[in-house]
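S.K.: My questions will all concern the structure given below.
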Amino acid sequence: MITNRLAYFGCLMVAVAATVAVRLTANDTEVSAATFQDGVERLSSAPASFGEWQLKSDQQLDDRTVKILRCAGHLNRRYANTATGEVVDLILLVGPAGPLLAHTPDVCMESREFEQIEASGPVAISDTGNARNVFLKTAYRARTLEGQNLRLYYGWSRDLQKWEGPDQPRMAMGDAPMLYKMQVSSVKPSSSTAEDATVESSDACQRFLADLISNWN
């Protein structure tokens, strides 16, 4: 039986990292260590509990993945809904825009282990103040006997205030010297159709995102 963490382990899952390099280069723009350090501190302020969601665990990623993503700081958490029992995994990263924009699920998911069952598309998520944030959503099915389905929402932010999921991320946000990236995912049993397979976890992920954005910053 696969979990979100095993499914995406080779690309993004990480715990808070406190060490920042002296300087990192993003899109040919030199960014100071102080700027990235501020980003790391803001990232680590993500709430451990909010609404009906409660932090259950953190995990750390290997050094190789951190090097690939060139992250200055990162957070990987699993939350559970105390009312419904639903489980959602949250990944937050901060670092140079280039690697964070390039490593999307279609790049990172192993084709031998997963098949995409839903193309990436935008979904608007509103917070309690009715601010409009846009994330990209997609879904994969594991090539296993269980055939579990992995539901993913992901997007980027320049300042943790507004989240964007553009059709062409590198074109739209590649000019930023530093970006935050958020990914929320959930696993559920297989279903006969792609639509049926993603409805339940989609709802959990959307509710989680709306609650998190409303209760952070």
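The values are calculated or read from the model by the stated rules, or taken from the named source; none is laboratory data. No experiment lies behind these values; they were computed from the predicted model shown. Note that we place each Cβ from the backbone using ideal geometry, even for glycine, and neighbour counts take in every protein chain shown.
S.K.: Which numbered condition trips up Asp89, out of (1) over 19 Å from Tyr180 (Cβ atoms); (2) surrounded by 20 or more Cβ atoms within 10 Å (Cβ to Cβ)?
M.R.: The failed condition is (1).
S.K.: Out of all the residues in the stretch 150-164, which are of a type in the set (Gly, Ala, Ser) and either crowded, with 22+ Cβ neighbours inside 10 Å or closer than 11 Å to Val184 by Cβ (or both)?
M.R.: Taking the stretch 150-164 as the starting set, the residues that turn out to be of a type in the set (Gly, Ala, Ser) are 155, 157.
Selection gives Gly155 alone.
S.K.: Out of everything in the stretch 39-48 that is surrounded by fewer than 16 Cβ atoms within 10 Å (Cβ to Cβ) and over 15 Å from Ile213 (Cβ atoms), what residue ends up being farthest from the chain's Cα centre (by Cα)? Let's see the steps before the verdict.
M.R.: The first filter runs over the stretch 39-48 and keeps only residues surrounded by fewer than 16 Cβ atoms within 10 Å (Cβ to Cβ), leaving 41, 44-45, 47-48.
Subset that is over 15 Å from Ile213 (Cβ atoms): 41, 44, 48.
Details: Glu41: 18, Ser44: 14, Ala48: 16 Å.
Across the stretch 39-48, the extreme among qualifying residues is Glu41.
S.K.: What pairs come out if I take residues in the stretch 102-130 that are surrounded by 13 or more Cβ atoms within 10 Å (Cβ to Cβ) and modelled with pLDDT of 90 or more and pair them with residues that are outside any strand (DSSP E or B) and aliphatic (A, V, I, L, M) whose C-beta lies under 6 Å away, six or more apart or interchain?
M.R.: Close Cβ pairs satisfying both conditions: Ile117/Ala194; Glu118/Ala194; Ile125/Leu209; Ile125/Ala210.
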